[in-house]
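Asker: Handing you a structure now.
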Amino acid sequence: MPSTLVSTREGWIEDPEALFDAVQTALTESIGTPPQARHIRLLELPAHHYATAPDNGPRYTELQVTLFSGRTTELKQALYAALKRNLGRLGVPEDDVKVILIESPKENWS
């Protein structure tokens, strides 16, 4: 079960459950995470606590997905695309979505 941290500026997310659903659906559709295997955290920060590049918009969002090692590049690319597509439905421009995969061997999970 991947563990996902979503970081963004506060003030634009009206429905956190919609965001959680968008992330979980992307994980399920792209890498086969079971829908019930949900572990997503949302960190909303004041704008003055979240420095980004000048060309990033107010909905700039970073997702850190920690998961078991071993997925193919194709699956990872599918995950990136699904996350960008699903967050786009919530008004986040594709260029304002950053995805970082943190891979860890299964023996490092408990």
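The values are calculated or read from the model by the stated rules, or taken from the named source; none is laboratory data. All values reported here derive from a predicted model rather than from experimental measurement. Methodologically, a virtual Cβ is constructed for each residue, glycine included, from the backbone with ideal geometry; neighbour enumeration extends over all protein chains shown.
Asker: Give me the residue from region 70-81 that is at pLDDT 95 or above and exposed (fewer than 15 other Cβ atoms within 10 Å of the Cβ) and, out of that set, nearest to Ile31 (Cα to Cα).
Answerer: Leu75
Asker: When you go through (1) surrounded by 15 or more Cβ atoms within 10 Å (Cβ to Cβ); (2) closer than 22 Å to Met1 by Cβ one by one for Ile100, which number turns out not to apply?
Answerer: Just one mismatch for Ile100, condition (1).
Asker: Pairs under 8 Å by beta carbon, first residue within 18 Å of Lys98 (Cβ to Cβ) in region 7-19, partner part of a strand (DSSP E or B) and hydroxyl-bearing (Ser, Thr, Tyr), six or more apart or different chains?
Answerer: As it stands, the answer is Ser7/Thr61; Thr8/Thr61, since those pairs meet every condition given.
Asker: Tyr50 is checked against (1) in contact with a helix residue (DSSP H, G or I) (Cβ under 8 Å, 6 or more places away or on another chain); (2) surrounded by 15 or more Cβ atoms within 10 Å (Cβ to Cβ); (3) farther than 29 Å from Lys106 by Cα and fails just one. What number does that condition carry?
Answerer: Of everything listed in (1) in contact with a helix residue (DSSP H, G or I) (Cβ under 8 Å, 6 or more places away or on another chain); (2) surrounded by 15 or more Cβ atoms within 10 Å (Cβ to Cβ); (3) farther than 29 Å from Lys106 by Cα, Tyr50 misses just condition (1).
Asker: Only one residue in Thr61, Thr33 is crowded, with 16+ Cβ neighbours inside 10 Å, over 27 Å from Ser110 (Cα atoms), in contact (Cβ under 8 Å) with a residue 12 or more places away in the chain and not hydrophobic (A, V, I, L, M, F, W, C). Which one?
Answerer: Selected residue: Thr61, the only one of Thr61, Thr33 that is crowded, with 16+ Cβ neighbours inside 10 Å, over 27 Å from Ser110 (Cα atoms), in contact (Cβ under 8 Å) with a residue 12 or more places away in the chain and not hydrophobic (A, V, I, L, M, F, W, C).
Asker: Could you look through region 20-30, keep only residues that are in contact (Cβ under 8 Å) with a residue 12 or more places away in the chain and β-branched (Val, Ile, Thr), and pick out the one that is surrounded by the fewest Cβ atoms within 10 Å (Cβ to Cβ)?
Answerer: Thr25
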